[in-house]
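Right, one structure below, let's go through it.
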Amino acid sequence: MMQYGFSFDISRCTGCMACVIACQDQNDSEGDNPPSFRYVIKYEKVQGTNPLIYFFSISCQHCGDAPCIMVCPVRAIKKRDEDGVVVIDRDLCIGCHSCEMACPFGAPKFQGDGRMAKCDLCYTRIEKNMKPACVRICPTGALGAGPIEELSKKKAEKASFVFLTSLVGDYHR
Amino acid sequence: MSKGEDASIRRLIKAKIPGKETGIEIKKGLCSICNAQCGIDVYVKDGRLIKTEGTLENPVNKGRLCVKGVSNKQYVYHRERIRSPLLRVGEKGSDRFVPISWDEALDRIALRLNEIKEESGPESVVFFTGFPKWLRPFLKRLAHNFGSPNYMSESSTCYLATVLANRLTYGCSFVPDLKNTKCILNWSSNPYYSSAPQAINFVEALERGVKIIDVGPLNTTLSRQADIHLRIRPGTSGALALGIAHVIIEEDLYDREFVSNWTYGFEEYRAYVKEYTPEVTAKITGLAPQEIIAGARLYARTKPATIVTSASVTVHHTNGVQNHRAITALIGLTGNFDRPGGNHVVPTSYYHRATGFDTREEEFEQTKNWEEMAKRIGEEEYPVWSRFIHEAQAVSLPFQIMSGKPYPVRALVGFGVNYRMWPGSDFMKKSLERLEFFVDVDLFMTDTAKFADIVLPASSSLERSELSISPSRYAIWTEPVIPPVGDSRSDVDIIIELSKRLNLNDPLLSKGHEACLDFIFEPSNIRIEEIKKHPGGLILGGFPRTPYEKYKKTGFSTPTGKMEFASVILREAGYDPLPVYREPKYSPISTPHIAAMYPLILTTGARLPMYMHSRMYRVPWTRGLRPDPMVDINPKDGEERGIKQNERVVLSTPRGSIMVKANLTEYVPPGVVNMYHGFPGADVNELIEPDYRDPISGYPGYKSLLCDIRKSNGGDL
Amino acid sequence: MSKERILILGNGGAGINAAIAARKTGFKGEIAMVSERDGPVFNPMLSPYYLKGIVPWERCFPFDYRIYKELDIRCHFGTPVVELDGIGQEVTLGDGKKISFDRCLIATGASPVIPAIEGLEDHSLYKTIRTPASVLDLNGAIRGGGKAVVLGASLVGLKASEILKKRGMEVILVEKEMQVLPYGAHPLIAGILTSFLEEKGIEVRLGITLKGAKPWKGRVICDFGEKKEIADILLICTGVRANIDFIDPRQIMIDKGAIVDNRMATNVENIYAAGDACQVMDFLSNRHRWFGTWGFACKQGLVAGKNMAGEDVHTADFVMENISPIFDWMYAQVGQIKGYRNDVTYEYLKDGKDGHYLFVLHEGVVSGANLINTTHLAGMIRQAIYKRLPFSYIRQTLLIR
């Protein structure tokens, strides 16, 4: 099975938030609609006397073994065979937030109607040879997307597969 | 259509895929939220903008966009957009207006302005433009045709002081040659936030192994990526530059050939920088002597090296012009002037774009000689500014409105005026109340527009046409991509119409926007009609690249014909000819008695990624990223004051206080606090005195003064 | 030699996921399933949503009958397990039938605990929410108007109160402890929730015990000592206990459930347990504890299924979690709030009008959190607990936007 995913190069992320709003613009996240499917967190640490500030852009990671799928009591979350993208059938969602608890990335977002919505990796755009909105906008090229075998070949972008630990790890540059 | 097909088209529409079946079309537009002029692909369905994306073929942004640009949908369709001309019926500032027709509005304006001109001379009417750039040549032409010398702009507090400083030393301006450099001395610029789509140049430089020295108190992403971060105390740039020069001269790392053949006043300069030993400089700047030496060596030994400054950070100090001169003096000192990979002199054309084209922009703008008009506002106070900068100095405007001296200012025709731009912004606000007649043209009913007698609705860049020519000579003429919101009109069309109603008899202007641009670009034989044939833009070919080392043929446009370490013009005007260092007017060293009560250094206005001055506050997407006014304070200073993250604090200077939230962060060093400007209800410019200014340019010392922060004990101030 | 047989006791989330996992792993032998109830897998977690009218009845059964055929499961439904001989590898069913096995999974779930109160021997006096029959029974008993007494301010008790209120009843929520959610919430958070429930029109009585219940004209007289209430519905939400009466404690280690390791294996070879019938390792306390949620049951069933099919997979230790809407609020518990250890400190933060965080910290490291309307951070806080990240990390990365 093909598995698409995001890559993320922490050395290049500046915390500019363009990906956050690009996601909202693509998905019409306004008013009662859910907030951005992507968000940016900041991590600061002092290394010796050197204060370092890092940013991390996070959305659904389209996990190989997505924990949200199993906990969904109505089986509304599925992984697409074509590209491994984790998608939700909003018609089935009952708004129980179990996925919110299961996801370590904070990816499930809730809409005004109480139902979950999430990043779908812009798979329709990918089908049309367009990049996901957040990747397309990224001013420094910190975000990428594609088949994960290809992504994992790029050394700098390996950071995408590590979550919180990479933030407390020793990345410089 | 079958059910399956229907669902598949719905999916394509939801994903906003352009094409016949979805009815979604991509149109080419320009973003005018900041001044970078990024190309945007506007996704339009049924006449409405549904999404924006960077234009791949536009070399300005190469498909990238920033957080602000991608918010264009909410910006353009904001419910606070003004939809028709408005006549104020309530008190000034009350926001009570009634809609009137364009005819009535323009006739009222023309009548009143001509009355005032009749009564007290054309100079009593001021023509001002805020952040919008594209209308500037037109507005200046209108002002001069009207007879007023008082065309002024937001550039009275941003950018032009760097031009002034560079002209004093080199007779010209220059740009960093990033593509060819091996070392970047980045002086207090945060390209990742101020012009994100262009910042890829820095990422690429890093990947090429270019050395980076970052100077500035703030800990930006570039600081983290840099080889050396010289984290100076705000306001001490000049001292650091002199200290670097000291090391370069002492260690014989300077370009003797360039210095002896092409500079003036070197001995004077050398004698002056002798004082700025690494130890002395370290004491002033807060750095360690070794850091200064290491920075100086890296910059001077790596060839070629370029200096990057920002539009205003180096000059937003009470010693701003001299600080900036001290920094840029290093370019000549190390022989990096107008050389590949150094700082390249590229003539600017059409609102400060370094394209290298010959234009008649000045001829177009300046329809009367200064001698034919009254003295400009600020001319007496800032003679050197007035000599180099062909605008009035707006920082003097509120004083002249209030005093009526040397002559009364009675009316203001403004485009995007924001009183919060001024130091002591409440003083500017008061002076607005004093005006007899105020017209403001804006997209939104701003706090400033509420003081206007008549407000005219301007359209956004996506509702009108605009020309952009980038430094890489890519030219695009945009057509409106969506219909104007409400009854709004293009700024230039408003100016042209106003010119007619004022009976100014300007045949060229009356011919319209395109004809005026054809006139401006005539010397380079660029015609709008040709550019129009390429809706996606084109590279203007057939023009020679701007060469390097032009000074070898032409010399420098300074009184001595050389680069001036000691400026003849400054000496004549009674200023220090050398790029001397002076402490900020308020600093722990210059005013220890004030520092005893206000021990923290306040620096303001550093870019946040989601805001562009005040214009993105009202946009829900960008506002959502930082909803509250927040002051950055080092965790150590926070701890000393018992302040926790997000707590309400009072930020105060001797002039006043504002209530904000605390943001504890290593972004600022201990002892320094950073506050973004222009927040309604928490405007930091109110804390700065209206005359806290640089004596040469008049620029406010926004980036270095004194303050204190304490925990709020409730609703007090 | 006949084919290998996996026997699954119980037809819930844990049991069905074990069967799915075993087949996915490539198990070709026989899978047999025993269940006291006849019918497809029922998800008890969905019953509040059914009772609120959000989910139709048929969707409370997330897998339909076809799954047994697809997975080739031999079903012995309609009769309980009465005895499990782990050593002899054989179970005895209620109808006397005996089934032998190669590997067995105990996934019999849990049932409501009915407190030993005078009058409650009469099952017709009270309702519960657990099995399909009990949910339908409760549903049928709710008519517009009338009074309901909900006994036990557990999360189920709170949700039930909401349902009954929304369906037009006067609701009295009674809890013998001095706070609602006595096991999952910090008193401060419980207080906020209590005020909220009261605002929504629910009468919350704390520190009150039910002394007895009596039938009266088709209603129930609930005796609280000083006060009596005549209720149309008495709903008991005082907790559940594992259905493990058939286990011989001399063979299989049990506490509140069958004790299992991270492979979901009990101390007896070839006997596994998963879901509400088992107790797994608690990440925080390093003790075996009962974690009764649908998601955990499914996860544990999956791991047990794989291991029974011959793989060797381990789960991580478990961290307590609970998340649920209560009226238009979202409440969550992550990690341990009470009874973890004594040397903890608390950090309470408010976020906007109705947002609340309460963190439990041990030496600056987060060990638990109560969240009200701030549950967007629930999963990330859970992750932070697993990573033993300091609270300062959460403060500066997650709480700041």
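Our Cα-only numbers for region B:266-330 put the radius of gyration and Dmax at 12.8, 33 Å.
In percent, what relative contact order does region B:136-210 have, based on Cα pairs under 8 Å that are 6 or more apart in sequence? It would help to have the intermediate numbers written out before the result.
Details: 24 pairs, mean separation 14.7, N = 75.
Once divided by the residue count of region B:136-210, the mean separation gives 20 percent.
Amide H contacts of C:Met33 (H built 1.01 Å from N, in plane; Pro and chain starts excluded): C:Ile8, C:Arg74, C:Cys75, C:His76 sit under 5 Å, all sequence-distant by 5 or more or on other chains.
Can you sort C:Tyr346, A:Tyr4 by solvent-accessible area, 1.4 Å probe, largest first?
The most accessible residue leads, giving C:Tyr346, A:Tyr4.
Can you give the charge dipole size of region B:1-73 about its Cα centre, rounded to the nearest 20 debye, using +1 on the beta carbon of Lys and Arg and -1 on the beta carbon of Asp and Glu?
Numbers: 15 positive and 8 negative charges, 46 e Å.
Computed about the Cα centre, the dipole is about 220 debye.
Please compute the net charge surrounding C:Val204, taking Lys and Arg as +1 and Asp and Glu as -1 over other residues with Cβ under 11 Å from its Cβ. All intermediate terms of the calculation are to be shown ahead of the outcome.
Values: positive: C:Lys200, C:Arg205; negative: C:Glu175, C:Glu198, C:Glu199, C:Glu203.
Taking every other residue near C:Val204 into account, the sum is -2.
Only Cα pairs under 8 Å and at least 6 apart count here; give the relative contact order of chain C as a rounded whole percent. Numbers along the way, then the final one.
On the way: 886 pairs, mean separation 63.4, N = 401.
Relative contact order comes out at 16 percent.
Looking at the protein assembly as shown, the DSSP beta bridges with both ends there are about 60 percent antiparallel.
Among the trypsin sites (Lys or Arg not before Pro) in region C:1-88, those placed in a DSSP loop whose Cβ has at most 13 other Cβ atoms within 10 Å are C:Lys3, C:Lys28. When the Cα positions of C:Phe224, C:Gly201, C:Ala213 are compared along the charge dipole of region C:123-236, C:Ala213 comes out farthest toward the positive end, with charges on each C-beta of Lys, Arg, Asp and Glu.
Using the heavy atoms of the protein chains alone and a 1.4 angstrom probe, what is the accessible area of region B:3-76 per residue in square angstrom? Show your work: numbers first, answer last.
Working: 2830 Å² over 74 residues.
Spelled out: the 1.4 Å probe surface of region B:3-76, per residue, equals 38 Å².
Absence of a disulfide-compatible partner, taken as no other cysteine beta carbon within less than 4.7 angstrom, is noted in chain A for A:Cys13, A:Cys16, A:Cys23, A:Cys63, A:Cys72, A:Cys93, A:Cys96, A:Cys103, A:Cys122, A:Cys138.
With the convex hull drawn around the C-alpha atoms of region B:297-358, the volume per residue stands at 101 Å³.
Would you rank B:Val649, B:Val89 by solvent-accessible area, highest first, keeping every protein chain in place and using a 1.4 Å probe? Can you show the working numbers first?
Details: B:Val649 0, B:Val89 80 Å².
Ranked list, largest accessible area first: B:Val89, B:Val649.
So what's the back-of-envelope 222 nm ellipticity for the protein assembly as shown, counting only DSSP H runs of four-plus at -39500 (n - 2.57) apiece and dividing by all residues, rounded to 500? Could you put the intermediate results ahead of the total?
Details: 42 runs with 343 residues, N = 1291.
Helix contribution divided over all residues of the protein assembly as shown: -7000 deg cm²/dmol.
What shape does chain B take by its C-alpha gyration tensor, where a ≥ b ≥ c are the square roots of the eigenvalues and a/c under 1.5 counts as rounded, a/b above b/c as prolate, and the rest as oblate? It comes out rounded by the Cα gyration axes.
For region C:222-306, GluC sites (Glu not before Pro) meeting the loop criterion (DSSP other than H, G, I, E, B) and having at most 12 other Cβ atoms within 10 Å: C:Glu226, C:Glu269.
Remark: spin-label model distance B:Asn180-C:Thr79 equals 9.3 nm, labels positioned 7 Å along the Cα→Cβ axis. From the cross-link list B:Lys429/B:Lys450; A:Lys42/B:Lys62; B:Lys133/B:Lys500; C:Lys3/C:Lys299; A:Lys128/B:Lys16, which pairs have alpha carbons spaced over 18 Å apart? The pairs that break the limit, which is 18 Å between Cα atoms, are A:Lys42/B:Lys62; B:Lys133/B:Lys500; C:Lys3/C:Lys299. Computed 3J(HN,Hα) for region C:135-142, one whole-Hz value per residue from the Karplus formula 6.51 cos²θ - 1.76 cosθ + 1.60 where θ = phi - 60°, is 5, 5, 4, 4, 4, x, 7, 7, glycine and proline marked x. Check cross-link reach from C:Lys165 to the aspartates and glutamates: straight Cα distance under 19 Å, and skip same-chain residues fewer than eight apart. Filter leaves C:Asp137, C:Glu175, C:Glu198, C:Glu199, C:Glu203, C:Glu229, C:Asp232, C:Asp328. Taking all protein chains together and rolling a 1.4 Å probe, B:Arg527 ends up with roughly 110 Å² accessible.
The phi-based Karplus calculation (6.51 cos²θ - 1.76 cosθ + 1.60; θ = phi - 60°) puts the 3J(HN,Hα) values of region B:385-400 at 3, 5, 6, 9, 9, 8, 9, 7, 9, 5, 5, 7, 4, x, 5, 6 Hz, whole numbers, x for Gly and Pro.
As a quick test, which of the pairs C:Lys52/C:Lys350; C:Lys127/C:Lys338; B:Lys636/C:Lys353; B:Lys711/C:Lys387; B:Lys117/B:Lys405 have an alpha carbon distance above 23 angstrom in this structure? Beyond 23 Å between Cα atoms: C:Lys52/C:Lys350; C:Lys127/C:Lys338; B:Lys636/C:Lys353; B:Lys711/C:Lys387.
Under the combined filter of DSSP loop state and at most 14 neighbouring Cβ atoms within 10 Å, region B:336-399 retains these GluC sites (Glu not before Pro): B:Glu380.
Summary value for chain B: 18 percent relative contact order, contacts being C-alpha pairs under 8 angstrom separated by 6+ residues. Summed over both chains, the contact between A and C buries some 2800 Å² of accessible surface at a probe radius of 1.4 Å. Over what distance in Å are the Cα centres of region B:126-190 and region C:1-69 separated? Measuring centre to centre over Cα atoms gives 73 Å.
Once A binds B, the 1.4 Å probe can no longer reach about 3600 Å² of accessible area, counting both sides. In sequence order, region C:240-250 has phi-based couplings of 10, 9, 5, 8, 10, 4, 7, 7, 8, x, 6 Hz under the Karplus curve 6.51 cos²θ - 1.76 cosθ + 1.60, θ = phi - 60°, and Gly or Pro positions carry x. Put the Cα centre of region B:96-118 next to the Cα centre of region B:622-661 and the gap is 44 Å.
What residue among A:Phe110, A:Phe37, A:Phe56 shows peak mean-square fluctuation when chain A is described by a Gaussian network model with Cα springs under 10 Å? Of the options given, A:Phe110 has the highest mean-square fluctuation.
Taking all protein chains together and rolling a 1.4 Å probe, B:Thr277 ends up with roughly 40 Å² accessible. For the pair region B:519-572 / region C:264-323, the C-alpha centres are spaced 74 Å from each other. Taking the chain by itself as reference, region A:2-17 contains these residues with an accessible-area loss of 50 Å² or more in the full protein complex (1.4 Å probe, heavy atoms): A:Arg12, A:Thr14, A:Cys16, A:Met17.
The values are calculated or read from the model by the stated rules, or taken from the named source; none is laboratory data. Just so you know, these numbers come straight off a predicted model, no measurement behind them. Reconstructed Cβ throughout: ideal geometry from the backbone, glycine too, with neighbour counts over all protein chains shown. For the accessible areas, the whole protein counts, side chains as well, though only heavy atoms, and no ligand, DNA or RNA atoms are used. Shrake-Rupley method; radii C 1.70, N 1.55, O 1.52, S 1.80 Å.
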